[in-house]
């Protein structure tokens, strides 16, 4: 009988700890999700990105509040077979503060340090990193905005990039 009571107490404690952990996790994700206005990934077939493959992300205007500053990050997931520490990206967007002009950005992003340790988070042979693209962007009107991304590396195809994403969150610096 004593053994059964001890097992029941242990089980109750485990259930209680699991419940508290689940509740804390849920509140964390809900609070983080409140600031996120847009988040989409584009998968690259067989982890190969050809130079003429342009990835297009259409940001739905109903998700964005005009006049509110947002931060935009590029989300990159690469596998352990990616041969470089960096990646060149050519990004075009329609979010200019001055009318309908397009912005073109050619940027070299660092994915790993000098010792080959990947930045960001990893799981198994996949690594994901968030890279800053734009800070405190203010969308002036309600319309769909397109962000297009091409890779600018010399390999054809560029191997090892699994997916590319765009994340837009309300800016924390108002």
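What to note about this one:
- Residue among 11, 44, 55 that is surrounded by 10 or more Cβ atoms within 10 Å (Cβ to Cβ) and at pLDDT below 90: 11
- Here residue 122 qualifies as surrounded by 13 or more Cβ atoms within 10 Å (Cβ to Cβ), more than 22 Å from residue 70 (Cβ to Cβ) and within 18 Å of the chain's Cα centre (by Cα).
- The set of residues in the range 143-170 being farther than 22 Å from residue 51 by Cα and either at pLDDT 90 or above or part of a strand (DSSP E or B) (or both) consists of 145, 167, 168, 169, 170.
- Hey, residue 109 surrounded by 15 or more Cβ atoms within 10 Å (Cβ to Cβ), free of Cβ contacts under 8 Å to residues at least 60 places away in the same chain and outside any loop (DSSP other than H, G, I, E, B) or not: yes
- The condition (being assigned by TED's automatic domain parsing to the domain that holds residue 56, in contact (Cβ under 8 Å) with a residue 12 or more places away in the chain, under 17 Å from the mean Cα position of the chain (by Cα) and farther than 19 Å from residue 85 by Cα) is satisfied by just one residue among 138, 164, 147: 147.
- Flag for residue 140 being under 18 Å from residue 168 (Cα atoms) and assigned to a loop (DSSP other than H, G, I, E, B): yes
The values are calculated or read from the model by the stated rules, or taken from the named source; none is laboratory data. Given the structure is predicted, the values throughout are model-derived calculations rather than measurements. All Cβ positions, glycine included, derive from the backbone under ideal geometry; neighbour counts span all protein chains shown.
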